[in-house]
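Chemist: I'd like to ask some things about the structure below.
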Amino acid sequence: MTIEENAQRPTSNAERSIQKAFDQYVVPTYARFDLALERGEGSYVFDVNGRRYLDFGGGIAVCALGHANPEITQALVEQSRKLVHVSNLYYIEPQARLAKRIVDLIAPGRVFFCNSGAEANEGLFKLARKFGHDEDRYEIITALESFHGRTLAGIAATGQEKVKKGFEPMVAGFKQVPFNDLDAMRGAITKSTAAILIEAIQGESGITMATREYLLGLRKLCDEQNLLLLLDEVQAGHFRTGKFHSWQRILEDQDADFLPDGISMAKALGGGFPIGAFWAREKFAGLLSAGTHASTFGGTPLACAVALRILDVIERDALAENARQIGEFLLHGLRDLRRRNPNVVRDVRGLGLMIGIEFDSRFTGIETVKRLHEKNLLTIPAATSVVRLLPPLNLREEEARQGLCAIEEVIADLAEQEQREVRPKGVRRRNR
């Protein structure tokens, strides 16, 4: 089906009915786009009117294998026939296997399972508090423009004022300094500091990557000051950049011995099934002993079976390498569009299938995303004027090409708009 044929599909009252139900019964915490999605298939989703969209948002970096993946469905069905849930008062074999897989992908340590990225970060906050407790150290330094979740502690850790508004006073023990500024981080350390927490790639603020020097410098600084170095890989992790975690990709050409002390993860870990986790380095893994932390639904047999199957598929189908190759294809095409349209696109940046397109400040990310909807492409806004691309790891080149074509059409529309705005009145545009 072509984009033109897709766009001509008749609409119905279905979307209006769903929106009305949301307005009446759902807490209005989201500014939702005017789309009501009904089903998905691979890299595509369909709305209630049958219109098909290529999904470059991936549930905000969640749908690692796309939509309605048959192997995820099979894992759910097989495990649900055996055991869906028991409490963590008992040993659960899939949980042990998943923990080992994660440890093998990072380094010796232990894993705690929960349900979301926010919960994973809460676990890291508690790990840091436990680490510094006997010396009355409790403070965690994070970065400006960071995002670490919507819990009270998560928004205190987040370096965005818009997230904090209305929830004051903030949970004590967090402060923010500029990202990629080692001197600022060093200057913020006090006798109360226990840990540093950053994202190796800041996603919500527009795909801003830590430099190699910054990561290595933070490790050295934490070693000198006896601090924990914690990384939030909730969005950038799980092979999205071509490595298990983004810090591994950023530092892959370095000979230096680098290892964080704790890492949070979620999103793509379950490919759409809720599961989060944090890894703690072996020397600190015992800080949270029996009774100090818990999660009723953390690491259920069902969630772990799905996460294990996703890891199997990623390994079998070489999806980390696919993320690199298709990511490079997209980056090359987008940078060519930027070169040809410098008044519209200010920057293109990213690694693998985590890409940010920064538009001129006249074009907001939200409005540009809406324009892309008209071209049957789903993307995610960030910051003020950034559009994020976070497609499934098994995205095919022909799908990437289709997405590029939609983005090119929108950029052409914006360039034409820009020309109209600067063209003197009465001057006609020349025919091409």
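The values are calculated or read from the model by the stated rules, or taken from the named source; none is laboratory data. Predicted model only: the values in this text are computed from it and were never measured. Heads up, the Cβs are rebuilt from the backbone with ideal geometry, glycines too, and the neighbour counts pull from every protein chain shown.
Chemist: When residues of region 338-387 are filtered for being over 17 Å from the mean Cα position of the chain (by Cα), surrounded by fewer than 20 Cβ atoms within 10 Å (Cβ to Cβ) and of a type in the set (A, V, I, L, M, F, W, C), how many remain?
Modeler: Residues in region 338-387 being over 17 Å from the mean Cα position of the chain (by Cα), surrounded by fewer than 20 Cβ atoms within 10 Å (Cβ to Cβ) and of a type in the set (A, V, I, L, M, F, W, C): 1 in total.
Chemist: Looking for whichever is under 25 Å from Phe284 (Cα atoms), buried (at least 24 other Cβ atoms within 10 Å of the Cβ), charged (D, E, K, R) and in the same structural domain as Arg281 (by TED's automatic domain parsing) here; the options are Glu122, Glu139. Which one fits?
Modeler: When all the criteria are applied, what remains is Glu122.
Chemist: Please verify whether region 185-194 includes one or more residues that are under 27 Å from Leu389 (Cβ atoms), surrounded by fewer than 18 Cβ atoms within 10 Å (Cβ to Cβ) and either of a type outside the set (Ser, Thr, Tyr) or in contact with an Asp or Glu (Cβ under 8 Å, 6 or more places away or on another chain) (or both).
Modeler: There is no residue in region 185-194 that is under 27 Å from Leu389 (Cβ atoms), surrounded by fewer than 18 Cβ atoms within 10 Å (Cβ to Cβ) and either of a type outside the set (Ser, Thr, Tyr) or in contact with an Asp or Glu (Cβ under 8 Å, 6 or more places away or on another chain) (or both).
Chemist: Does Ser264 satisfy being among the hydroxyl-bearing types (Ser, Thr, Tyr) and not in a loop (DSSP other than H, G, I, E, B)?
Modeler: yes
Chemist: Let me confirm something: among Arg420, Arg428, which residue is part of a loop (DSSP other than H, G, I, E, B), modelled with pLDDT under 85 and either out of contact with any strand residue (DSSP E or B) (no Cβ under 8 Å at 6 or more places or on another chain) or of a type outside the set (Asp, Glu) (or both)? Spell out the reasoning first.
Modeler: Details: Arg420 fails: part of a loop (DSSP other than H, G, I, E, B).
Of Arg420, Arg428, the one residue that is part of a loop (DSSP other than H, G, I, E, B), modelled with pLDDT under 85 and either out of contact with any strand residue (DSSP E or B) (no Cβ under 8 Å at 6 or more places or on another chain) or of a type outside the set (Asp, Glu) (or both) is Arg428.
Chemist: Within region 156-165, identify whether any single residue is touching a residue at least 60 places away in the same chain (Cβ under 8 Å), in the same structural domain as Met265 (by TED's automatic domain parsing) and under 20 Å from the mean Cα position of the chain (by Cα), and answer yes or no. Quick ask: steps written out before the conclusion?
Modeler: Within region 156-165, the first condition is being touching a residue at least 60 places away in the same chain (Cβ under 8 Å), and the residues that meet it are none.
The answer is no, given that none of the residues of region 156-165 is touching a residue at least 60 places away in the same chain (Cβ under 8 Å), in the same structural domain as Met265 (by TED's automatic domain parsing) and under 20 Å from the mean Cα position of the chain (by Cα).
Chemist: Of the residues Leu231, Leu259, which single one is surrounded by 18 or more Cβ atoms within 10 Å (Cβ to Cβ) and of a type outside the set (Val, Ile, Thr)?
Modeler: Leu231 is the lone residue from the list that is surrounded by 18 or more Cβ atoms within 10 Å (Cβ to Cβ) and of a type outside the set (Val, Ile, Thr).
To keep it simple, each residue is scored yes or no on (1) surrounded by fewer than 16 Cβ atoms within 10 Å (Cβ to Cβ); (2) assigned to a strand (DSSP E or B).
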residue: Arg39; (1), (2): yes, yes
residue: Tyr53; (1), (2): no, yes
residue: Cys63; (1), (2): no, no
residue: Ala75; (1), (2): no, no
residue: Lys82; (1), (2): yes, no
residue: Tyr90; (1), (2): yes, no
residue: Ala107; (1), (2): yes, no
residue: Arg110; (1), (2): no, yes
